[in-house]
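Accompanying notes for the structure given below.
The values are calculated or read from the model by the stated rules, or taken from the named source; none is laboratory data. Remember, predicted model here, so these are calculated numbers, not experimental data. Positions of Cβ are generated from backbone atoms using ideal geometry, with glycine treated the same way; all protein chains shown enter the neighbour counts.
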Amino acid sequence: MKITVYGIVQGVGFRPTVYRVAKAMGLRGYVLNNGSNVVIHVDRNADEFLKRLKEALPSLARIDRADISESDEELGEFAISQSTDGVRVSLIPTDTAICGQCMDDFSARGNKRHMFPFTNCTECGARFTVIADLPFDRARTSMSDFPMCPSCNNEYASPEDRRFHAQTISCPECGPKYRLFEREGKEIGGDPFAEFAKRIYEDSVGILKGWGGMHIVCSFENASRLRSIYRRGEKPYAVMMRDLETTMKYVSMDDDERELLTSPQRPIVLMKKVERHLEELEGVSPGLNNLGVMLPYSAAHLLLFRHLKQDGVIMTSANPPGEPMAIDNEKAFDLGLDVYLMHDRRIIHRCDDSVVKVNSDGMNFLRKSRGFVPVPVEANHTHAVIGVGAQWDVTGSVTRDGEMFLTQYVGESQQHPTLQYLDDAIHHLAKLLGVKEIDAIGLDRHPRYSTRIVAKRLADEFDCEMVETQHYHAHAASLMIDRKIDGPLVCLTWDGTGFGDDGTSWGGETLLADYSGYERIGTMEGIPLLGGDKAVVDPKRVVSAIQLMRERETTMVDSKTSDLFSKMMAKSVKASSMGRVLDAVSCILDISCRRTYEGEPAIKLERWLEVGEPRFEFDLGFERSGKLEIAKTVPMFDTLLDMKIASDQERADAASSFVKTLVVGLTERACEIAEKKGLKQLGLTGGVSYNGPITAWVRETATAKGLTFVGHRRICNGDGGISTGQNAIVGARLG
């Protein structure tokens, strides 16, 4: 019998498991990886064999389908046959944290991999980041530079060994090696990990090369120096803690957060700081009540913490602002830091750490990358389509045979190196998937988004059409793909900025959408963006515009600037943006009046919403313009501007009162529309939906109205999910 198996069956110890089950049953035959799936030939008992195989699956393997057919091949003693190439339909293995057995090997004195920073087996370690092509064999990975020693070769060839056919197997004798360097590239002698840890303790800022990129490493106390070097304003840094027990001293966590933190994917998890460490961690995530934490996920991290005296260290992606993370040793020295702990294994493809947050409706991805890509989601079409994303938090998407695959996180696309990275990531993913022809390219309608350059290049290369998609339609479509909704769906699409059909800036929209189209049925009153993009990074301009609209004195700027702003009002593009409204609230309440990273004023507002009591009265009115209902948000600011805030609790109460009034009012109107249309669900998407209190208020309001709340679970809420929405919309238009 011939059994063809589809699923996650490459690079996860699947074939060795097939071998062991077949041998245990006394079967004759062979198993073969053909680059598209795994083919198994057995001489008898195929159904029983499959049953036992499913019971014995490695933790990372997954069988989606198994087809059984008759075969007349002559079969000998069961063996693993040489891989071949074929039509790519298998799933690509992800990078996963070091497993418990490998941790034991790493820790055991006398074991040949004792303290070896590249310890791994068939069930753990780097996969996606070291694969040049499929099938996943050593010759197609960066481990091809390191021939196996006799000892490793014996393990690799032994069916009873858990490193049987482990393509990235190595040991201190034959594997990659770490070395330590000064800023100028001069090698530092001695134990590289011990010396690196010593220098980090002594306030150096260093670089650690890992599986899919490099991290900048320093102590918590050194956060301010890192900010001055790195020019990142007050953007929060992620940290790596020694272990789970240590982490619990610094942050509080629920069961879901603990499960994510210790999962094989080992993402960065945003969790609430505990009171006694607020001051110590203020420099790490200024103005925020949460901290992004990850646990060690490689043997190199475990080795580093063997020597570190600290409970944890800042560990953030090593990239110049706006550019991709460094992966080449020589390029890393351009960052001009103090000390470099580097290894000599090539990184085939960079992959940043994933970032997740447990929200009121489940897990949200702020960044979906290492450990979670390229795992597919079900597409709404069977065409071969590429989506190139928007402008910030960019990812790409590729569809193949009804499945949609996302690239790893790429980042901000304004700089040429990041655009090239997006291009490379899409090509690499298409290559691994065996996609050689593309039907169409999806891109954002915004005429100045730099991702259009990549879209045009891809359209020329594949000789296919480019299809523009509206930003908020793409947000809604990404949510529908995420939650497997065919539509139509009434969806609140709330974020900072997106190009509107009328030439204004949107961001506070209520859409009635399916994949083929949308109707804008609700919005917020437009606020002039004084100076265009300057208003996006300077909330005082938004506040000044609101004050001028209400014929009030401008309190954020001097009289000369106020006169200039008055003249700019009529010519400025207006924004119907929830993000800009939240920025204005944050600034008026003196929480944050300066944006040094994407969404900063609104993000810093969240902790005040969490503790505020919505006890103040705000009135939200609505007016109609044809079929469009407009929320009159600007008059609400009169009450806020007139308030005399006497304490932090009053500040929190004022913030929560204003924002809850607005959120509940918009949600109730959206629910009424859904009810009139006979729909049973209400969606929320966009960057604002990461905000815990706002999401909770939308969910509570929808539930009270008898509707099911729909939020993100598998695809990024923010612009990291735009490429999936683009892909879905284009696929629907192709029919």
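List of remarks:
- Test: Leu208 is out of contact with any helix residue (DSSP H, G or I) (no Cβ under 6 Å at 6 or more places or on another chain), outside any helix (DSSP H, G or I) and either outside the structural domain of Tyr409 (by TED's automatic domain parsing) or under 30 Å from Glu123 (Cα atoms) (or both): yes
- Residues within the range 121-168 that are surrounded by 21 or more Cβ atoms within 10 Å (Cβ to Cβ) and in contact with a strand residue (DSSP E or B) (Cβ under 9 Å, 6 or more places away or on another chain), tallied: 16
- Applying the criterion of being in contact (Cβ under 8 Å) with a residue 40 or more places away in the chain and of a type in the set (Lys, Arg) to the residues of the range 652-684, the residue that is farthest from Asp619 (Cα to Cα) is Lys677.
- Scope the range 235-266; condition of a type in the set (Asp, Glu), in contact (Cβ under 8 Å) with a residue 12 or more places away in the chain and either within 19 Å of Leu304 (Cβ to Cβ) or crowded, with 17+ Cβ neighbours inside 10 Å (or both); matching residues: Asp243, Glu257
- Condition check for Arg88: part of a loop (DSSP other than H, G, I, E, B) and either modelled with pLDDT of 85 or more or surrounded by fewer than 17 Cβ atoms within 10 Å (Cβ to Cβ) (or both): no
- Residue list for the range 471-491, restricted to those being touching an Asp or Glu at 6+ places or on another chain (Cβ under 8 Å) and within 22 Å of Leu582 (Cβ to Cβ): His471, Tyr472, Ala474, His475
- Number of residues in the range 408-420 that are modelled with pLDDT of 95 or more and crowded, with 24+ Cβ neighbours inside 10 Å: the value is 3.
- Subset of the range 170-184 [over 15 Å from Met143 (Cα atoms) and in a loop (DSSP other than H, G, I, E, B)]: Arg183, Glu184
- In the range 617-640, residue surrounded by the most Cβ atoms within 10 Å (Cβ to Cβ) [restricted to those that are farther than 19 Å from Thr667 by Cβ and without any contact (Cβ under 8 Å) to a residue 60 or more places away in the chain]: Leu640
- Consider the range 172-192 and keep the residues that are modelled with pLDDT of 95 or more, under 32 Å from the mean Cα position of the chain (by Cα) and farther than 19 Å from His307 by Cα. The one that is surrounded by the most Cβ atoms within 10 Å (Cβ to Cβ) is Gly175.
- Some residue of the range 345-353 being in a helix (DSSP H, G or I) and outside the structural domain of Pro601 (by TED's automatic domain parsing): no
- Those residues of the range 673-706 which are polar (S, T, N, Q), touching a strand residue (DSSP E or B) at 6+ places or on another chain (Cβ under 6 Å) and closer than 17 Å to Leu662 by Cβ, in sequence order: Thr695
- Figure legend. Inter-residue proximity from the range 147-158: first residues without any contact (Cβ under 8 Å) to a residue 24 or more places away in the chain, second residues among the aliphatic types (A, V, I, L, M), beta-carbon distance below 6 Å, spacing 6+ or different chains. Indicated pairs: Cys152/Ile169; Tyr156/Ile169.
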